[in-house]
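Participant: One structure coming up, written as structure tokens, with questions to follow.
The values are calculated or read from the model by the stated rules, or taken from the named source; none is laboratory data. Quantities reported herein were computed from a predicted structural model and do not represent experimental measurements. Cβ: placed from backbone, ideal geometry, glycine included. Neighbour counts: every protein chain shown. Calculation scope for accessible area: heavy atoms of the full protein, side chains included, ligands and nucleic acids excluded. Shrake-Rupley method; radii C 1.70, N 1.55, O 1.52, S 1.80 Å.
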Amino acid sequence: QVQLVDSGGGLVQPGGSLRLSCAASGSTFIFSTDAMGWYRQAPGKERELVATITGGGTPNYADSVKGRFTISRDRTKNTVYLQMNSLKPEDTALYYCNVHRTSGYNYWGQGTQVTVSS
């Protein structure tokens, strides 16, 4: 079983920044071929893709966050990050880390809350 711990959420004002982290805990191993990413779910909405990074290191972003968010991966630490700049109230959501195996199996973090408000 893959155990993921995501963190870094909090309350920020519009225009502020946050950096989310997602790490594989304990002896959990993330393969180099795994894709990793971030999803979010706001009240009354379905879970949506925010950003992904392939096993080869290619990032992909939802149109709503392009130019503001940056996903990165540290293979030595089995950690993926999401740098969020120029945050907007509509970014408010519970953010989930994801690991996607080549088999198609998905693992999820417990979620970290991001709230953007004055």
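Participant: Is it true that K66 is within 19 Å of D6 (Cα to Cα), outside any strand (DSSP E or B) and either of a type in the set (S, T, Y) or open to solvent by 60 Å² or more (accessible area, probe 1.4 Å) (or both)? I'd like the intermediate steps shown before the answer.
Facilitator: Details: within 19 Å of D6 (Cα to Cα): no; outside any strand (DSSP E or B): yes; either of a type in the set (S, T, Y) or open to solvent by 60 Å² or more (accessible area, probe 1.4 Å) (or both): yes.
When the stated conditions are applied, K66 does not pass them.
Participant: For segment 9-31, enumerate the residues that are more than 15 Å from G111 (Cβ to Cβ), open to solvent by less than 50 Å² (accessible area, probe 1.4 Å) and not in a loop (DSSP other than H, G, I, E, B).
Facilitator: Once the filter is applied, which keeps residues that are more than 15 Å from G111 (Cβ to Cβ), open to solvent by less than 50 Å² (accessible area, probe 1.4 Å) and not in a loop (DSSP other than H, G, I, E, B), segment 9-31 yields V12, A24.
Participant: If a residue must be surrounded by fewer than 15 Cβ atoms within 10 Å (Cβ to Cβ), in a loop (DSSP other than H, G, I, E, B) and in contact with a strand residue (DSSP E or B) (Cβ under 7 Å, 6 or more places away or on another chain), how many such residues does segment 43-54 contain?
Facilitator: 1
Participant: Scan segment 73-96 residue by residue and report those that are modelled with pLDDT of 95 or more and either open to solvent by less than 20 Å² (accessible area, probe 1.4 Å) or touching a Pro at 6+ places or on another chain (Cβ under 8 Å) (or both).
Facilitator: Passing the criteria: L82, M84, L87, K88, P89, D91, A93, Y95.
Participant: Show the residue pairs meeting these rules: Cβ distance below 8 Å; 6+ apart or different chains; first residue within segment 46-64 and farther than 24 Å from F31 by Cβ; second residue hydroxyl-bearing (S, T, Y) and modelled with pLDDT of 95 or more.
Facilitator: Pairs that qualify, where the first residue is farther than 24 Å from F31 by Cβ and the partner is hydroxyl-bearing (S, T, Y) and modelled with pLDDT of 95 or more, are E48/Y39.
Participant: For the subset of segment 65-118 comprising residues that are in contact (Cβ under 8 Å) with a residue 60 or more places away in the chain and of a type in the set (K, R), which member is nearest to G10 (Cα to Cα)?
Facilitator: Taking the candidates together, the pick is K88.
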